[in-house]
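The values are calculated or read from the model by the stated rules, or taken from the named source; none is laboratory data. Values in this document were obtained by computation on a predicted structure and should not be read as measured data. Cβ atoms come from the backbone with ideal geometry, glycine included; neighbour counts cover every protein chain shown.
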Amino acid sequence: MKEILRENREAVRDAGLALIDIGSKLAAGKIDEAIGTLDESRQKYREWDELDGAVAKIESAIRDRTSMLAVQQVIGEMVGAILAAALRSRLG
C-alpha cells in the first residue's frame with residue numbers, strides 16, 4: 001500500500017487536500033456542504049463506482065468459493081471418518 005501511495009504522490013496530495021476541505025466543513029458544522037463536496041467528488045469519477053462494484057462482486061465470489069471449499073473439506077473429513085469406522089468394524 002505504501003508503494004502505491006508513493007508512486008502516486010500527486011493523487012495522494014489531492015486526496016489529502018480534499019479530505020481537509022471536507023473535514024473543515026464538518027468541523028464547522030456545515031454537514032450539507034461537506035456531503036455536497038463529497039458527492040461532487042464522486043460524480044467526477046463515476047467509473048470508479050462501477051469498478052468498486054465489480055471488486056465487491058469478485059470479493060463476494062471469493063468468499064463464497066472459500067466457504068464452499070471449507071464445506072467440501074468438512075464433508076470429506078466426515079466421509080473419511082465414516083469409512084474409517086466402517087473399516088475398523090470389519091477388521092476388528
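What to note about this one:
- Residue check for Ser24: in contact (Cβ under 8 Å) with a residue 12 or more places away in the chain and either outside any helix (DSSP H, G or I) or not charged (D, E, K, R) (or both): no
- Among the residues making up the stretch 2-26, those that are surrounded by 11 or more Cβ atoms within 10 Å (Cβ to Cβ) and more than 17 Å from Ser41 (Cα to Cα) are Leu5, Asn8.
- Of the candidates Gly92, Gly76, the single residue that is at pLDDT below 85 and either under 22 Å from the mean Cα position of the chain (by Cα) or not assigned by TED's automatic domain parsing to the domain that holds Ile22 (or both) is Gly92.
- All positions within the stretch 27-41 that are loosely packed, with under 11 Cβ neighbours inside 10 Å and either in a helix (DSSP H, G or I) or on the phi < 0 side of the Ramachandran plot (or both): Ala27, Ala28, Ile31, Asp32, Asp39, Glu40
- Among all positions in the stretch 21-30, there is at least one residue which is touching a Ser or Thr at 6+ places or on another chain (Cβ under 8 Å), closer than 26 Å to Lys2 by Cβ and either of a type in the set (Val, Ile, Thr) or in the same structural domain as Lys2 (by TED's automatic domain parsing) (or both).
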